[in-house]
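The values are calculated or read from the model by the stated rules, or taken from the named source; none is laboratory data. All figures in this text were calculated on a predicted structure; none of them were measured in a lab. Quick reminder, even Gly has a Cβ in these numbers, built from the backbone with ideal geometry, and neighbours come from all protein chains shown.
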Amino acid sequence: MDTSFIRGVIPPIVTPVDREERVHENALRRMVDHVIAGGVHGILSLGSTGEFFGLDPDEQRRAVRITVEQAKGRVPVYAGIGGISTRECVRSAKMAVEEGAQAVTMLPPMFLGPNDEELYRHFRAVADSVPLPVLLYNNPDRMKVNISASLMERLADVPNIVGAKDSSGDLVLTAEYIRRTRSKGFRIMAGRDIMILATLVYGGVGCVAATANVVPSLVVEIYVKFLAGDLAGALEAQFKLAPLRTAFTLGSFPVVIKDALNLIGLDVGEPIRPNTPCTEANRAKLREILAGMGALNG
């Protein structure tokens with residue numbers, strides 16, 4: 001199975017919605033073009049930043065379909081899977097195949113807190129149901145489930161489980177994922193935007209970075225300069241990006257990214273309820289951060 005395309009900067013693209021909280025097609029198409037113009041190497045539809053949890057199955061399908069159509073083969077499209085039951089996740093994986101995604105990313109089952117054996121059986125069953133490459137998504141802050149290094153090592157032997165995104169913020173865990181799977185061609189990506197360069201240095205292959213929705217070219221700069229051996233330049237780009245990532249605390253997740261996109265003129269609408277936009281005071285702080293990064297027009 002070819003996994004060479006799994007690399008670089010992959011934004012978990014926001015899902016613009018209209019007043020009825022249905023996918024806003026034109027705005028989503030604009031977002032796809034925006035991140036591709038910024039040099040990204042792939043797009044993740046229905047990530048947590050894409051508010052998959054607020055979309056019903058028909059709208060999830062529309063989001064993937066529109067993203068694949070608008071990408072037009074310029075970059076691969078990944079489809080996110082987040083659900084509770086194995087049956088539900090298998091259904092989502094098959095939808096991704098039907099809509100033309102090149103790979104899927106998969107969260108652990110939310111709410112339940114399964115043990116390692118239950119997680120293994122779940123991930124294996126979903127992976128076995130589709131012919132696509134599967135990347136796991138470790139996000140213990142949101143899921144309250146942490147994929148252990150030993151479980152990741154075991155899952156790396158499943159033929160089409162080919163990599164993982166680690167959003168734990170624990171560089172020791174990320175490093176162990178890489179060390180334990182490095183002989184298997186397994187591909188580890190940073191899920192915390194603050195830790196992109198650190199993950200690359202350890203042997204990771206890229207990042208799934210929410211900030212790449214807003215400033216894709218800056219996130220790409222970290223990756224490109226690292227590959228070129230310009231560690232000082234990559235570090236400077238990483239430091240320049242940091243204020244936007246640390247600003248996520250200005251609103252409920254993932255509100256800040258949508259607010260930032262609206263501030264730079266991309267008009268992606270409001271977050272899906274119960275989330276609401278940042279307060280005026282916090283939006284002013286966000287505007288100041290964006291201005292300091294040179295991300296505001298005019």
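Structural remarks
- Hits in segment 68-123 (condition: over 21 Å from Arg142 (Cβ atoms), polar (S, T, N, Q) and touching a Pro at 6+ places or on another chain (Cβ under 8 Å)): Gln102
- In the set Glu99, Glu51, Glu20, only one residue is surrounded by 15 or more Cβ atoms within 10 Å (Cβ to Cβ), farther than 20 Å from Phe253 by Cα and acidic (Asp, Glu); that residue is Glu99.
- Among (1) over 22 Å from Ser168 (Cβ atoms); (2) surrounded by fewer than 22 Cβ atoms within 10 Å (Cβ to Cβ) - the single one Ala247 does not satisfy: (1)
- When residues of segment 250-267 are limited to those that are part of a helix (DSSP H, G or I) and not charged (D, E, K, R), the one surrounded by the most Cβ atoms within 10 Å (Cβ to Cβ): Ala260
- For segment 140-160, filtering for residues that are modelled with pLDDT of 95 or more and out of contact with any Pro (no Cβ under 8 Å at 6 or more places or on another chain) leaves 12.
- Output for segment 3-16, where each listed residue is out of contact with any helix residue (DSSP H, G or I) (no Cβ under 8 Å at 6 or more places or on another chain), surrounded by 16 or more Cβ atoms within 10 Å (Cβ to Cβ) and not hydroxyl-bearing (Ser, Thr, Tyr): Ile6, Arg7
- Selection over segment 205-221 of residues that are part of a helix (DSSP H, G or I) and under 28 Å from Pro277 (Cβ atoms) gives a count of 9.
- When residues of segment 115-147 are limited to those that are surrounded by fewer than 15 Cβ atoms within 10 Å (Cβ to Cβ) and part of a loop (DSSP other than H, G, I, E, B), the one nearest to the chain's Cα centre (by Cα): Lys144
- Search result, residues across segment 21-61 that are closer than 12 Å to Ala79 by Cβ, in contact (Cβ under 8 Å) with a residue 40 or more places away in the chain and not in a loop (DSSP other than H, G, I, E, B): Leu44, Ser45
- Looking only at residues of segment 171-185 that are surrounded by fewer than 24 Cβ atoms within 10 Å (Cβ to Cβ) and touching a strand residue (DSSP E or B) at 6+ places or on another chain (Cβ under 8 Å), we find that the one that is nearest to Ala149 (Cα to Cα) is Leu173.
- If the condition is being more than 20 Å from the chain's Cα centre (by Cα) and not small (Gly, Ala, Ser), then segment 251-280 contributes Leu263, Ile264, Asp267, Arg273, Pro274, Thr276, Pro277, Cys278, Thr279, Glu280.
Rundown of residues vs (1) surrounded by fewer than 18 Cβ atoms within 10 Å (Cβ to Cβ); (2) in a loop (DSSP other than H, G, I, E, B); (3) modelled with pLDDT under 95, yes/no style:
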| residue | (1), (2), (3) |
| --- | --- |
| Met1 | yes, yes, yes |
| Gln70 | no, no, no |
| Val75 | no, yes, no |
| Ala79 | no, no, no |
| Met95 | no, no, no |
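- In segment 161-178, the residues that are without any contact (Cβ under 8 Å) to a residue 24 or more places away in the chain and either charged (D, E, K, R) or in contact with a Gly (Cβ under 8 Å, 6 or more places away or on another chain) (or both): Asp170
- Candidate set from segment 217-238 (those that are more than 15 Å from Arg7 (Cβ to Cβ) and within 20 Å of the chain's Cα centre (by Cα)); member that is surrounded by the fewest Cβ atoms within 10 Å (Cβ to Cβ): Ser217
- Summed over segment 262-293, the residues that are within 15 Å of Arg19 (Cβ to Cβ) and among the basic types (Lys, Arg) give a count of 1.
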